[in-house]
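Below: the structure, in structure tokens.
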Amino acid sequence: MPPPNSSSINAASSDKSEDIEPLLCDDTVPPRCCSARLNLAILMFLGFTVVYGLRVNLSVAMVAMVNTSDAGLGRNNSVAHACPLPAGSENSTGTFEQPDGTPQYPWDSETQGWLLGAFFFGYLCTQMPGGYLSGHYGGSIFLGLGVLGTAALTILTPLAAQWGPYWLFALRVLEGLGEGVTFPAMMAMWAHWAPPLERSRLITLSGSGSNFGAFVALPLTGFLCQALGWPAVFYLCGGAGCLWAVLWFMLVSDDPRTHRRISEEERGYIISSVGNQGGGHGWSVPLLRMMTSVPLWAIIVTQMCSNWSFYTLLTSLPTYMNNILHFDLKSNGFLSALPYLASWMCSLLTGILADSLIERKVFSVTTVRKVFTLTGMLPPAGFLLAVAYAGCNHVLTVTFLTLSSATAGTSAPGVFLNQIDIAPRYAGFLLGITNMFGTIPGVIAPIITGYFTEDVRLSLLEACLLTVEYIMLLCGRQHTMAGWRKVFWVSAAINVGGAFFYALFGSGDIQAWAVAEEDEGGAERKRSRAVST
């Protein structure tokens, strides 16, 4: 029987009078430094750093892989520019310098689009299955194999490219299949490992590896291409992923009960804090009740709105600044990655702040999630509009884009970990659902962008096949400030709408359909004993 002041915040709450408060006494909490749960978060952080590097490396290396003189991609476009070209840029060939003997391929724009979009074919398919299986069998095996499989396939990229674009396309689809299980598996593991009062900091730390990975990968990939040739990018990134997987399988366990190096004090604290909801779910899940759950739909809609802005911002810096401001991104790789660094730092700080507010009972879990969701969606919308009206000023544009990413990072302890609040037992499966819906804006947003910039006319099928980066690259050829302002206005409006939708319908309370049957039975027996006495 756990001590009286170490009760679980996840205890069944079918009777409001029997609500149990979370653990608040600092003297009963084992030290976080060097703890097993913190080590797990750091390992996950490193894993997602590698994962995001594996995801974006092709989009950066593609510049070096393609022979622009053969593909006809280096042609000059005699168009009117919204901003004046910098001195000497008219005679620039745009050739990407690499070591002699590095292979290049005559892939046209359509082929490049298919190759860049191939990843999402697989990525969308394994979100829900990965979350479901992780919740049943445990997430460590799926997270480890997802990264290992993607890393091993990445090493084969130069060989697949040599064999032809069809082989490379198939390889990228397989990489997407492997990587699609990683985020749902992460959330399924934290359902076992994260004490309710530490969820924000642990989950934001582990998930922030994606932002840090982008910050490292964007400039590093360009440097490696120039110094060692583009094949080295895939060998080194793939090798790093394989090395991480070895450490993962050696050091990680699905549950604190089976961890070999955890202290008994920490094990007892986690088990008593998480309660019965820390267990996995069976083969059956309450799918119908999930699909009619208003708080779950609040997460889905809000993440879709937030990701619309994210995908726009993801491509705005390299595309808007290159095609509108004619900013030399090759020599300023750090600036192109700076927004990701800002977002990473803000997510870590707000994760700690969110837990502190809950622990000190300043706000309820629901209020904390809503506050950080609002701060992570409303200010970024304003800064996106500021980018549109910054004119041809490079400094202002970089500043506003960085501020937009930084403030967006504050939503990490908000809606993006809300799944574990409303249904800890099904957290991995729910993240698979929300992440699948959250990827849809990556398809729709480019269609709207293409309409506003009026340079490309893509069919729906073509738009679905191409990645956001590639389509917005095409859209950016119009070089009109007015078209891009419409893009930013739409993104900002959708962001604001999503923020207010979550403010109205979001919740941080565990839902009735998420309470295990044994918890409901225990609560009923407790009430029966109270009546009989």
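Derivation of every value follows stated rules applied to the coordinates shown; laboratory data play no part. As the structure is a computational prediction, the values presented were derived from the model and not from experiment. Positions of Cβ are backbone-derived with ideal geometry, glycine not excepted, and every protein chain shown enters the neighbour counts.
With 0.36 nm allotted per residue and the present C-alpha distance subtracted, the L251-F505 stretch has 87.5 nm of extension available.
Suppose R0 equals 60 Å; then what is the FRET efficiency for L159 and M291 from their Cβ-Cβ distance, rounded to the nearest 0.05?
About 0.85, to the nearest 0.05.
Normalising by the residue count of region 98-208, find the relative contact order in percent from Cα pairs under 8 Å and 6+ residues apart. Each step should come with its number before you reach the end.
Values: 120 pairs, mean separation 42.5, N = 111.
Relative contact order, region 98-208: 38 percent.
Computed from label points 7 Å out along Cα-Cβ, the spacing between L243 and I440 is 4.1 nm. Taking 16 Å as the cut-off, the amide N atoms of region 414-439 that come nearer than this to a point 7 Å along the Cα-to-beta-carbon line of T366 belong to 415, 418-419, 421-423.
Put simply, the amide H of V66, placed in the peptide plane, has neighbours under 5 Å in Y105, leaving out anything fewer than 5 places away on its chain. Computed over every Cα-Cα pair of region 356-440 and binned at 5 Å starting from 0, the pair-distance distribution P(r) comes out as 3, 14, 16, 17, 17, 13, 10, 6, 3, 1, 0 percent.
Counted over region 138-263 with a bin width of 10 Å, the fraction of Cα pairs per bin, in whole percents, is 12, 36, 32, 15, 5, 0. Computed extension gain for C392 through W283, at 0.36 nm per residue and net of the alpha carbon distance, reaches 33.6 nm.
Multiplying each eigenvalue of the alpha-carbon gyration tensor of region 245-313 by 5 and taking the square root yields semi-axes of 33, 20, 13 Å, largest first, rounded to whole angstroms. Taking 7 Å steps out from each Cα toward its Cβ at T399 and Y166 produces label points 5.4 nm apart.
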